[in-house]
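Heads up, the thing below is written out as structure tokens.
Derivation of every value follows stated rules applied to the coordinates shown; laboratory data play no part. These numbers were taken from a predicted model, which means no experiment stands behind them. All Cβ positions, glycine included, derive from the backbone under ideal geometry; neighbour counts span all protein chains shown.
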Amino acid sequence: MAVSNEASNRTLKRLTDSEFESYQENGFIKLSNLLSVEEFSQICAEYDDLFARKQEEQGKMEAKWKGDWSKDNSKEKTGKSVLSIHNLQQHSGVFTKFITNSAVLDCLEDIIGDGIILHHTKAHLKPPREGAAFPSHQDFHYFPYRDDSMVAVFLHLEDTNKQNGGLAVFPGSHKLGGQENVSTVPGVYFLDQNKWNIENGTKIEAKAGDIVIFHYQLVHASYPNKSDIPRRMFLLQVAGSNDVPLTSQHRSPGAGLVLRGRAMATRADLDMRHIDNSTQ
Ligand SMILES: O=C(O)CCC(=O)C(=O)O
């Protein structure tokens, strides 16, 4: 588990002592009012516009979780569809503004320390009545880091709860380290759903605009959307700028962008200035 002593000795920028201690203890923290009303409504409008445009273009967006993780994989039980767009900062400056929001970065600095890099962003839209569930899993399996510095920033675009596809988390599970992956599908990871039964998790009740920051070893899942409205979320995943990825998988466009502080190990060799390795 990655919350270091160094972190507990530092002066907090935004979180209160009790919020910081709660994060360390539970592996997650729900925060309200980090965004202005104007910024939040811009994000919602831009998000809806992006999904509408990409649906019209028939972009490949279906992202329902693969694998045989539920005994009853029927549409009634686990839902049918999740639409996903990744790397939103490649689509609009509104999303770039969100991932560089100083209030959000202050909270992240309190948790991770000075030096934060982008890993990726994504949006999940669970359609009304058929929005699919996510099995209990740890993000860690997808992109392990040497110092386990990585966290997710989950922005709720509407009031969200069990009924409309909300999150459930297992407080303190981040302290247990990586748990056994029981998936047999290559590249898909999830945990034993009996051991980590979503019904035993803590259901997150969030208001529109609330942000949940959680550690990448926190076991979490989410419910199907049975409501009459879409369930929209935006997720920013970041790591400490001096942490080291242990695999090369899941390197997204924009990954490594320094959002706060410095990345000391980034090389300055001219022949590495293009990602395609061309020298022109
Ligand atoms: O969109 C959701 O409800 C859950 C997303 C999630 O847990 C993930 O992408 O790791």
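Taking the conditions (1) over 19 Å from the mean Cα position of the chain (by Cα); (2) closer than 18 Å to Leu35 by Cα in turn, Ser92 satisfies each one other than (1). Residue count for segment 97-132, restricted to those that are in a loop (DSSP other than H, G, I, E, B) and either free of Cβ contacts under 8 Å to residues at least 60 places away in the same chain or among the acidic types (Asp, Glu) (or both): 2. Each residue in segment 232-260 was checked for being buried (at least 22 other Cβ atoms within 10 Å of the Cβ) and of a type in the set (Val, Ile, Thr), and 1 pass. Per the conditions (1) within 10 Å of the ligand (Cβ to nearest atom); (2) in contact with a Gly (Cβ under 7 Å, 6 or more places away or on another chain); (3) of a type outside the set (A, V, I, L, M), the sole criterion not satisfied by Glu130 is (1). Residues that are under 25 Å from Gly27 (Cα atoms) and out of contact with any Lys or Arg (no Cβ under 9 Å at 6 or more places or on another chain) are absent from segment 87-94 altogether. Annotation: of all residues in segment 236-280 being among the hydrophobic types (A, V, I, L, M, F, W, C) and closer than 27 Å to His156 by Cβ, the one that is nearest to the chain's Cα centre (by Cα) is Leu236.
Of everything in segment 33-83 that is in a strand (DSSP E or B) and in contact with a Pro (Cβ under 8 Å, 6 or more places away or on another chain), the residue that is nearest to the ligand (Cβ to nearest atom) is Leu83.
Scanning segment 133-175 for residues that are surrounded by 23 or more Cβ atoms within 10 Å (Cβ to Cβ), part of a loop (DSSP other than H, G, I, E, B) and more than 10 Å from the ligand (Cβ to nearest atom) gives Ser149, Met150, Phe170.
Among the residues here, Val185 qualifies as of a type in the set (Val, Ile, Thr), surrounded by fewer than 21 Cβ atoms within 10 Å (Cβ to Cβ) and in contact with a Gly (Cβ under 7 Å, 6 or more places away or on another chain).
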